[in-house]
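The values are calculated or read from the model by the stated rules, or taken from the named source; none is laboratory data. As the structure is a prediction and not an experimental result, all values here were calculated from the model. For neighbour counting, all protein chains shown are included, and Cβ atoms are generated from backbone atoms with ideal geometry for every residue, glycine included. Ligands, DNA and RNA are excluded from the accessible area calculation, which covers all protein heavy atoms including side chains. Shrake-Rupley method; radii C 1.70, N 1.55, O 1.52, S 1.80 Å.
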Amino acid sequence: MASLNIKTPIQSTPLPKTYRLNAPLQSISYKPNPTRKSIRISCALIEPDGGRLVELVVPESERDVKKREAVGLPKIKLSRIDLEWVHVLSEGWASPLTGFMRESEFLQTLHFNSLRLGDGSVVNMSLPIVLDIDDAQKNRISGSTSVALIDSSDNTVAILNNIEIYKHNKEERIARTWGTTAPGLPYAEEAITGAGDWLIGGDLEVIQPIKYHDGLDHYRLSPSELREEFEKRNADAVFAFQLRNPVHNGHALLMTDTRRRLLEMGYKNPVLLLHPLGGFTKADDVPLSWRMKQHQKVLEDGVLDPENTVVSIFPSPMHYAGPTEVQWHAKARINAGANFYIVGRDPAGMGHPVEKRDLYNADHGKKVLSMAPGLERLNILPFKVAAYDKTQQKMEFFDPSRAQDFLFISGTKMRTLAKNGENPPDGFMCTGGWEVLVEYYDSLAANDSGRVPEPIPA
């Protein structure tokens, strides 16, 4: 594993009492090498961006009143991805945002990857969180200061107040988010190119918590619930691992090695947040329900220790926007209490949609994270690539001095093996986890659908 690139945290606004550990602060110093400044090790969870979690769900006692209020308002029907963003905003993942972005927030995000707050401080915000409308919807809203947001079944989801409508320059948005306007970008094709020519921002009041009723809601812990769980476990460090693929033993090696290094640094109880992305993903990704079944097998088979691992679903849609998007992934985990973020090769990347090459430089994600505005408080943990060591018959960190001993099993190769019902080399993935993958691809062959449909949130 590469040496840890640890940035010394900066002081910021005190955290509300609700989210502090009850234990008094204790700290020790650790010097990874003589040239690096020592890092202060504290048992308090990292503060949310802006000093507090901005949670936008209406108190239960007010929900009937808000539903009646929504009846007389102009309506905007939400797409599946819109609803996922309402979920993200409602729980405080995007704190300090109070709703869909107004134009000033949208422009800061596009041009600076950050927001400047009223006190002059800066928080990271690299992806626009916006709601589009078309000309007809804009005309219907004319003169109103609030609108009701409804789902595909016409149920009221939220009220957007103090609204601002502004032009949606889709080409500029795509170019600045992805660094290209090439056709075939999954999120852009799904949510932007055919979207309305206007954006509407404002303050959200979400009528009730977003639920999906797909058997996975117990995994969908909000930032405040995750903080409570970390406090319950007496975590003095939280290291987050974002993924949208099945877990193999190379991932496990990385996560267990990270915990070992944190213990060596002086932390007493580092806790892993294993945090698969649960929103929109491209068609050839393994669906969330199957990924969660596979992750559960990894825990059951003892590959990861349940005592110091929290598995939860991150509700954000996936952009595949490389170094731009990985900042959003890291920033959101700060709000959940993570003070360490693991980043590897080509995070949030994808193949170029037209040319036969990667869309992004594989090393730029971790480099950008180490320099990104508003992420100074987060400790970035880059790592070497893990590969299958044929001499030891297990996953190990790649050693270039004996490259001939290692076998790289790509995601494409892994999928091909699973589709064909073949087994990978012993030690690549736990048996139970591999059986789930084979079962998934068998189900595709049986249904001839190419992908198992995901449940729609309700």
### Query
Is there any pair with a first residue in the range 379-393 that is over 22 Å from F239 (Cβ atoms) and a second that is small (G, A, S) whose Cβ atoms are under 6 Å apart and which are 6 or more apart or on different chains, and what are they?
Q393/G427
### Query
In this structure, is N245 modelled with pLDDT under 95, of a type outside the set (K, R), in a loop (DSSP other than H, G, I, E, B) and more than 20 Å from E55 (Cβ to Cβ)?
yes
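Restricting to the range 365-397, name every residue that is touching an Asp or Glu at 6+ places or on another chain (Cβ under 6 Å) and part of a loop (DSSP other than H, G, I, E, B). Outline the logic, then answer.
Step one: list which residues in the range 365-397 are touching an Asp or Glu at 6+ places or on another chain (Cβ under 6 Å), which gives 389-391, 393, 396.
Correct list: K390, T391, Q393.
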#### Entry: Among (1) buried (at least 16 other Cβ atoms within 10 Å of the Cβ); (2) at pLDDT below 90 - the single one A372 does not satisfy
(2)
#### Entry: Residue satisfying all of: in the range 161-181; open to solvent by less than 30 Å² (accessible area, probe 1.4 Å) and not polar (S, T, N, Q); nearest to K356 (Cα to Cα) among these
W178
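Could you tell me whether K366 is within 25 Å of L226 (Cβ to Cβ), open to solvent by less than 40 Å² (accessible area, probe 1.4 Å), in contact (Cβ under 8 Å) with a residue 12 or more places away in the chain and within 27 Å of the chain's Cα centre (by Cα)? Can you show your working first?
On the way: within 25 Å of L226 (Cβ to Cβ): yes; open to solvent by less than 40 Å² (accessible area, probe 1.4 Å): no; in contact (Cβ under 8 Å) with a residue 12 or more places away in the chain: yes; within 27 Å of the chain's Cα centre (by Cα): yes.
It is false that K366 is within 25 Å of L226 (Cβ to Cβ), open to solvent by less than 40 Å² (accessible area, probe 1.4 Å), in contact (Cβ under 8 Å) with a residue 12 or more places away in the chain and within 27 Å of the chain's Cα centre (by Cα).
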### Query
List pairs: first in the range 165-186 and among the aromatic types (F, W, Y), second open to solvent by 20 Å² or more (accessible area, probe 1.4 Å), Cβ under 9 Å, 6+ apart or cross-chain?
Y166/R102; Y166/E103; Y166/W198; W178/T324; W178/L359
### Task
Pairs only if they're at least six apart or on different chains, beta carbon under 9 angstrom, first in the range 210-224 and open to solvent by less than 20 Å² (accessible area, probe 1.4 Å) and among the hydroxyl-bearing types (S, T, Y), second modelled with pLDDT under 95 and part of a loop (DSSP other than H, G, I, E, B); list them, first residue then second.
Y212/E454; Y212/P455; Y212/I456; Y212/P457; Y212/A458
### Cross-chain or 6+ apart pairs with Cβ under 7 Å, the range 325-344 first and within 10 Å of Q242 (Cβ to Cβ), then charged (D, E, K, R) and open to solvent by 10 Å² or more (accessible area, probe 1.4 Å)
V343/K366
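Across the range 388-416, what is the number of residues that are among the aliphatic types (A, V, I, L, M), closer than 22 Å to W434 by Cα and either at pLDDT 95 or above or surrounded by fewer than 12 Cβ atoms within 10 Å (Cβ to Cβ) (or both)?
Qualifying residue count for the region: 2.
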### Tally, over the range 182-209, of residues that are open to solvent by less than 20 Å² (accessible area, probe 1.4 Å) and in contact with a Phe, Trp or Tyr (Cβ under 9 Å, 6 or more places away or on another chain)
8
### Task
Please specify each residue of the range 209-228 satisfying the condition of being in contact with a Leu (Cβ under 9 Å, 6 or more places away or on another chain) and under 19 Å from V298 (Cβ atoms).
L216
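Mind checking whether some residue in the range 432-448 is assigned to a loop (DSSP other than H, G, I, E, B), touching a residue at least 24 places away in the same chain (Cβ under 8 Å), more than 26 Å from P270 (Cα to Cα) and open to solvent by 20 Å² or more (accessible area, probe 1.4 Å)? Before the answer, list the steps.
Initially, the range 432-448 is screened for residues assigned to a loop (DSSP other than H, G, I, E, B), giving 448.
From what's left, touching a residue at least 24 places away in the same chain (Cβ under 8 Å): none.
For the range 432-448, residues assigned to a loop (DSSP other than H, G, I, E, B), touching a residue at least 24 places away in the same chain (Cβ under 8 Å), more than 26 Å from P270 (Cα to Cα) and open to solvent by 20 Å² or more (accessible area, probe 1.4 Å): absent.
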